[in-house]
1. Could you go through segment 95-116 and let me know if any residue there is farther than 18 Å from Phe46 by Cβ and acidic (Asp, Glu).
2. Counting just the residues of segment 22-46 that are within 16 Å of Leu92 (Cβ to Cβ) and buried (at least 17 other Cβ atoms within 10 Å of the Cβ), which one comes out nearest to the chain's Cα centre (by Cα)?
3. Could you tell me whether Val104 is β-branched (Val, Ile, Thr) and in a loop (DSSP other than H, G, I, E, B)?
4. Please count how many residues of segment 24-64 are more than 17 Å from Leu98 (Cα to Cα) and not hydroxyl-bearing (Ser, Thr, Tyr).
5. Tell me which residues, restricted to segment 138-152, are more than 20 Å from Glu109 (Cβ to Cβ) and in contact with a Ser or Thr (Cβ under 8 Å, 6 or more places away or on another chain).
6. Checking Ile162 against (1) surrounded by 13 or more Cβ atoms within 10 Å (Cβ to Cβ); (2) in contact with a Ser or Thr (Cβ under 9 Å, 6 or more places away or on another chain), which single condition isn't satisfied?
Amino acid sequence: MGYVSLSLAKRVGPSGHVFAFEPVPRNLDLLRTNIENNRLLNIQVFDVAASDRRGETVIRCSDNLSMASLIWHRNDPSSVELIVNTVAIDDLVEAGDLPKPKFVKVDVEGAEGLVLLGMRRTVATAKPVLFIETTDAGRETTWQLLCDLGYRCQAAVTGKWISVFEEYRHSDFLWLPS
């Protein structure tokens, strides 16, 4: 749990910082254990879900805890529902609880539109590089918001520039400020 956060923390070194968001208690425990086992002091973990507002919401967990989602599993009777706290990144940045980011990775199992709406002002002012796993649930919101902010989209795997919405499908994308 936390492979990307751990990798990024090692990459940025002791003078860099990584901020991770994990709302599912079991995942949170595993993430903190992995951070401790790797002796990383440059990761701060927020035990909330990034979203478009501060509050509470339902997250649904399937058998695979890494696929917990604010959006998916609504019709899955085997999923477990948990009430979790949410936060908008804009609120954390504006309160001084989070610095303006230079790089943001978003992998939130369908809630990427909510996350981007909750950090619109931060993205507009800080102009970070964004690495987003896009799903059908969030693609319209992320496409429109980031195009409106002057970002350009590139397929992370192929490096191909994506200039039309129809090519922006479930996959990983880099969004770069103009």
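Bear in mind that the values in this text are calculations on the coordinates, not laboratory data. Computed from a predicted model, the values in this text were never measured in an experiment. Cβ atoms come from the backbone with ideal geometry, glycine included; neighbour counts cover every protein chain shown.
1. The answer is no, given that none of the residues of segment 95-116 is farther than 18 Å from Phe46 by Cβ and acidic (Asp, Glu).
2. Going residue by residue through segment 22-46, those that are within 16 Å of Leu92 (Cβ to Cβ) are 22-23, 43-46.
The next check asks that each one be buried (at least 17 other Cβ atoms within 10 Å of the Cβ); those that pass are 22-23, 43, 46.
Details: Glu22: 10, Pro23: 12, Ile43: 15, Phe46: 12 Å.
Here the answer is Glu22.
3. Working: β-branched (Val, Ile, Thr): yes; in a loop (DSSP other than H, G, I, E, B): no.
No; evaluated as a whole, the condition is false for this residue.
4. Filtering segment 24-64 for residues more than 17 Å from Leu98 (Cα to Cα) gives 24-40, 55-64.
Cutting the leftovers down to not hydroxyl-bearing (Ser, Thr, Tyr) gives us 24-32, 34-40, 55-56, 58-61, 63-64.
Count: 24.
5. Taking segment 138-152 as the starting set, the residues that turn out to be more than 20 Å from Glu109 (Cβ to Cβ) are 144, 147-152.
The answer is Gly150, Tyr151, Arg152.
6. Every condition holds for Ile162 apart from (2).
Matching residues to (1) on the phi > 0 side of the Ramachandran plot; (2) touching a Lys or Arg at 6+ places or on another chain (Cβ under 9 Å); (3) buried (at least 20 other Cβ atoms within 10 Å of the Cβ); (4) among the β-branched types (Val, Ile, Thr):
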| position | (1), (2), (3), (4) |
| --- | --- |
| Val93 | no, yes, no, yes |
| Glu109 | yes, no, yes, no |
| Met119 | no, no, yes, no |
| Leu149 | no, yes, no, no |
